[in-house]
Amino acid sequence: MKSTTERQQSRTAWLFLAPALGLITVFFFLPVVGGLLLSLTDFDIYAIGSPDTARFVGLANYAHLLSDPLFWQSLKVTFTNVLLGAPLSVLVSLGAALLVSSRLVRYPAVFRSIFFAPVVTTLVAVAIVWRYLYHPRYGLIDHALAQIGIAPIDWLGDPNWAMPAIILMAVWKNFGYNMIIFVAGLQAIPEELYEAARVDGAGAWQRFRHVTLPSLGPTLLFVAVMTMIGNFQLFSEPYVMTQGGPVRATTSLVLLMYEEGFRWWRLGHAAALAFVLFLITLAGTMIQLRLQRERT
Amino acid sequence: MSARRGRLGLDAVSLLFGLGSFTLVGCGSSSRDERTTLRFWAMGREGEVVQELVPAFEAENPDIRVVVQQVPWTAAHEKMLTAHVGRSTPDAAQLGNTWVAEFAALRALESLEPWLATSTVVAPDRYFSGIWDTNVIDGAPYGVPWYVDTRVLFYRKDILARAGYETMPETWPEWREAMRAVKAVAGPGNFAILLPSNEWTQPVIFGLQAGSPLLSDNWTRGAFSEPEFRDAFHFYIELFREGLAPPYRNNEVANLYQEFGRGAFSMYITGPWNLGEFRRRLPPELQDSWATAPLPGPDAAHPGVSLAGGSSLVIFEHSKHKPEAWRLIEYLSRPEIQLRFLALTGDLPARAEAWSDSALTRDPHLLAFRRQLERVVATPKIPEWEMIAIELQNRAEAVVRGVTPADSALTSLDRYVDRALEKRRWLVERKRTTAEAAAP
C-alpha cells in the first residue's frame, strides 16, 4: 500500500520524465520498430509510388543478404576497418596522450591542440587534401616513398591499397578525440604510484606496464568500445574519398546500406542491413564487456 | 551514451525551429503577389542560365511569376525524390532523361499526353526520334526533350594523320587498326584511347552498337551473357589487353585536357559539354588539331549508335498550376528560344529544326553530333537501370583490372540482374493477369 505522497512523487517524476521519454519514443523507439517491420517487406521505389505493391516477404531480405557477395565484401571491409583501424586508432591516441602528458614536452597545450585539430576539421576538406597526398603522380606520400626507393603506389586506385589508405586517413582524422580522453585518464593517476614504483626500481616500461595501464583500465575499455562502434559505422571517409571503389574495395556496410536505401530506394533491403549491423555491433560490445569482466 | 542522447534532443529542437521558420517564410512570400507563382527547378549551369530566359516569358504571360530554383547536379536526384515523398515538388523541372522512368514509376510525373494533343508548339515529330523516345514510358510521354547530350568521338587529327589516317574509320576492325597505328606513333607511355574504367557508358555503348537489348523479356531479365553483348564486351576488354587503352579511372587522369594536349591519348568518347572545354583549355596551337566524329559501329551494315542522353522538361503530378507549367515548357521549346539557350549554355537543342540554323551548321565540330543524333538509342527505361549500370561498371572494372575473367563476369551479372528485377517481373505479371481478368 503506497502513501499519497509517494504516489504524488512518482507522478511528478513521470511528468518530468515525460518530455524526454516522449522524444526518445518518437525519434528513437518508433523508428527502430518501424525499421524492423520494414526489413520484413520488399518496400522499394515502386511501393513509394503505389503502396499496394509492397509485399510482406518474411526473412527473404535477410536470406538475400547472406547469399549476396556484395554483402560479404562489405562485411569484410567493415571488419578490416574494425580489426585493423580500431586498434591502430587506440594505440595512436594512447601514444599521443602519453607524449603530450610527458614532462619532456615543452608546450603540451600546443601539441594537444594540434593533435585535436583534425577532429574538428571538415571531413570533405580533409578528403580533398588527402586525395592530393595519395595521388600516384603528384602526391606527397608517393614522392616521399620514392626518396627511399619504393615505387609509387596507386593508393586510391588499387583495390589492395584503397582500404589501408582509408584507414590511415580515418586514424589521422579521429585519434585526437580519444587522445583527449586518455589525457584525462592519465591525469587521474596519482603521482605517488609512480614515485613508489620508481623507489622500487621500476624502469619507464615497467612503470607504464604496471602503473599506467592498469589505472587506465576503465578508460581503455570505454575508448575501445566507442572506437569499435564508431569503426563499425565507417561511412563518410569512403563516401567522399572513393565512393566505395575501386572494385568495391572500400564499400563498408553502412555505405552499402546508404546505397541500397537512398540511392536505389530498396528500403526493405537497407533496413535488413541496418539490423544485421546492429546485431554485429551488439555482439562486439558484449564480447568486449565480457573480456573486461573476466580480467577484473 | 549521454553525449549521444544530448545530440538527439538538440536535433529534435532544431528540427522544430527549422520547420517553424520555414512555414513563416512560406506565408510571407506568397501573400503579396497577385500572379500565379510557378516553381521551376533546374540543375547546375542550366539553372543559372534559364533565369535569363524568364523575363521574356513573364512579359508574355503577365499572370505568371516564375521562381527558378537552382539545384546542383550532385544533389538533384536525392532532392527531387525527397521532395516527392514530402509532397513539396515544384510545378515543373528539368530532369535528366534517364531519370524519367524512375519518376514515372514513383507516380511523381504528369502524363503529357493531353497537353500534347492540343499543343501547336510541341509535337513528337519535331524532335530526334531516339531522344523523344527516352521520355515515353509504357506508351505515355512524361517529358519534353530540352537539350541533348549524346556522345561522339573526340580525337587528335594530327596524331591520326601521322599514323596514316586522314579520317576516322567507321567500323570496329578499321578503328582498332587505327588505334594500333596511333599507339605506334604516339610515343612510349602514351595510349590510343581513354576509356575510363569506372564508367559504364563505354561498355554499354559498344553493347548497343552490337545490337544487344541489354535487358530482355520486357526489360525483366539480363541479356549481358548473350552473344551480342558478349562480343561487344570482348572488343572493349581487348582494347585494354592490347595496351591501346590505359586501365585508368577518370579521377586518375589529373587534367584531361593537358593529357589530351600532350598526346597521352588521342581519342576520347565524350559529349557536347566538352566542346567548350576543349576550346578553352587546349592551347591555341592545338585548336586545329582536334576534331569530332560519330562513333564507329561493328561493321558497315551497323553504323555506330550512341546514348540518347540529355535533359527533359517535366510537370509534377502534385502541381496545382499545370496549365501555366505547360506554357513555360512550350515557351522553352520554341526553336528560337532553344537557339538562345544554345548561345547561353552551349547545350545542343533537342528540336531537329533548330539544327538548320547557321549557329549550328557553321561549327565543324557539331557536324558529328548532328549525324550522331540520327542514331541514338535509349538505355532500358526502368527505375532499376542505373543500379544495373553501376553493377555492370563494377564488374567491367574487375575484368579490366584482371580480377575476374570476362565471361564469368557477364554470367554473374545476369544472375544479379535477374534477381534485382524480380519485383519488376512480378509487377509485369500482375498487370498482365489483371488485364486478362478485365477483358471478357
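Values quoted throughout were computed directly from the atomic coordinates according to the rules given, and no laboratory measurement underlies them. This structure is a prediction, so every number in the text was calculated from the model and none was measured. Neighbour counts are summed over all protein chains in view; Cβ atoms, including those assigned to glycine, are modelled from backbone coordinates with ideal geometry.
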Give a quick list of trypsin sites (Lys or Arg not before Pro) in the stretch A:92-140 that DSSP marks as loop, anything other than H, G, I, E or B, with at most 11 other Cβ atoms within 10 Å.
-> A:R103, A:R106, A:R137
At 4 °C and 1.567 mPa s, what whole-number value in µm²/s does Stokes-Einstein give for the translational diffusion of the stretch B:277-389, with Rh from the Kirkwood sum over Cα pairs?
-> 76
Cα-centre dipole for the stretch A:66-295 with unit charges at Cβ (Lys and Arg positive, Asp and Glu negative), debye to 20 = 160
Within 10 Å of each Cβ in A:44-51, the average number of Cβ atoms from other chains = 6
Along the charge dipole of chain A, which of A:L133, A:A97, A:L193 sits closest to the positive end, that is, farthest toward it, with unit charges on the beta carbon of Lys, Arg, Asp and Glu (+1, +1, -1, -1)?
-> A:L193
Pull up the cross-link candidates among the aspartates and glutamates for A:K173, meaning alpha carbon to alpha carbon under 16 Å and not fewer than 8 places away within one chain.
-> A:E237
Considering only B:T404, A:W161, A:T12, whose Cα is most displaced toward the positive end of the charge dipole of the protein assembly as shown, charges sitting on Cβ of Lys, Arg (+1) and Asp, Glu (-1)?
-> A:T12
What aspartates and glutamates sit close enough to B:K183 to cross-link, taking a C-alpha to C-alpha distance under 18 Å and skipping anything fewer than 8 places away on the same chain?
-> B:D158, B:E166, B:E174, B:E238, B:E242, B:E259
Report Rg(Cα)/(2.2 N^0.38 Å) for the stretch B:77-121, keeping two decimals.
-> 1.26
Which of A:F16, A:F275, A:F79 fluctuates most in a GNM of chain A (C-alpha springs under 10 Å)? That residue is A:F16
Anchor B:K381: lysines whose Cα lies under 26 Å away (excluding residues fewer than 8 positions away in-chain) = B:K79, B:K322, B:K423, B:K431
Beta bridge orientation in the protein assembly as shown: antiparallel %, DSSP, nearest 5 = 65
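Report the charge-dipole magnitude of the protein assembly as shown in Debye, nearest 20, computed about the Cα centre from +1 at each Lys and Arg Cβ and -1 at each Asp and Glu Cβ.
Numbers: 68 positive and 71 negative charges, 521 e Å.
Dipole about the Cα centre, nearest 20: 2500 debye.
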How many partner chain Cβ atoms sit within 10 Å of a residue's Cβ in peptide A:263-271, on average, as a whole number?
-> 3
Using unit Cβ charges (K, R positive; D, E negative) and no other charged atoms, how large, in debye to the nearest 20, is the dipole of the stretch B:56-203 about its Cα centre?
-> 680
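Please report, to one decimal in angstroms, the Kirkwood hydrodynamic radius of the stretch A:4-53 built from all distinct Cα-Cα pairs. Intermediate values should be presented prior to the final figure.
Values: mean 1/r = 0.0727 Å⁻¹.
For the stretch A:4-53, the Kirkwood estimate is 13.8 Å.
For the protein assembly as shown, how big is the tail of P(r) above 36 Å, as a whole percent of Cα pairs? Mind dumping the intermediate values first?
Values: 147527 of 270480 pairs.
Percent of Cα pairs beyond 36 Å in the protein assembly as shown: 55.
Against the 2.2 N^0.38 Å scaling, with N counting residues, where does chain A land? I'd like the Cα-based Rg ratio to two decimal places.
With N residues counted in chain A, Rg over 2.2 N^0.38 Å equals 1.27.
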Positive-end extreme of charge dipole, the stretch A:66-295 - chosen from A:P218, A:G284, A:L70 (charges on Cβ) = A:P218
Ascending count of other beta-carbon atoms within 10 Å, so fewest first, for A:L15, B:L392 = A:L15, B:L392
For the protein assembly as shown, what is the mean residue ellipticity at 222 nm derived from helices alone (per DSSP H run of n ≥ 4: -39500 (n - 2.57); sum divided by total residues; nearest 500 deg cm²/dmol)?
-> -18000 deg cm²/dmol
Sorted from fewest to most neighbouring beta carbons within 10 Å, what does the list B:K320, A:K76 look like?
-> B:K320, A:K76
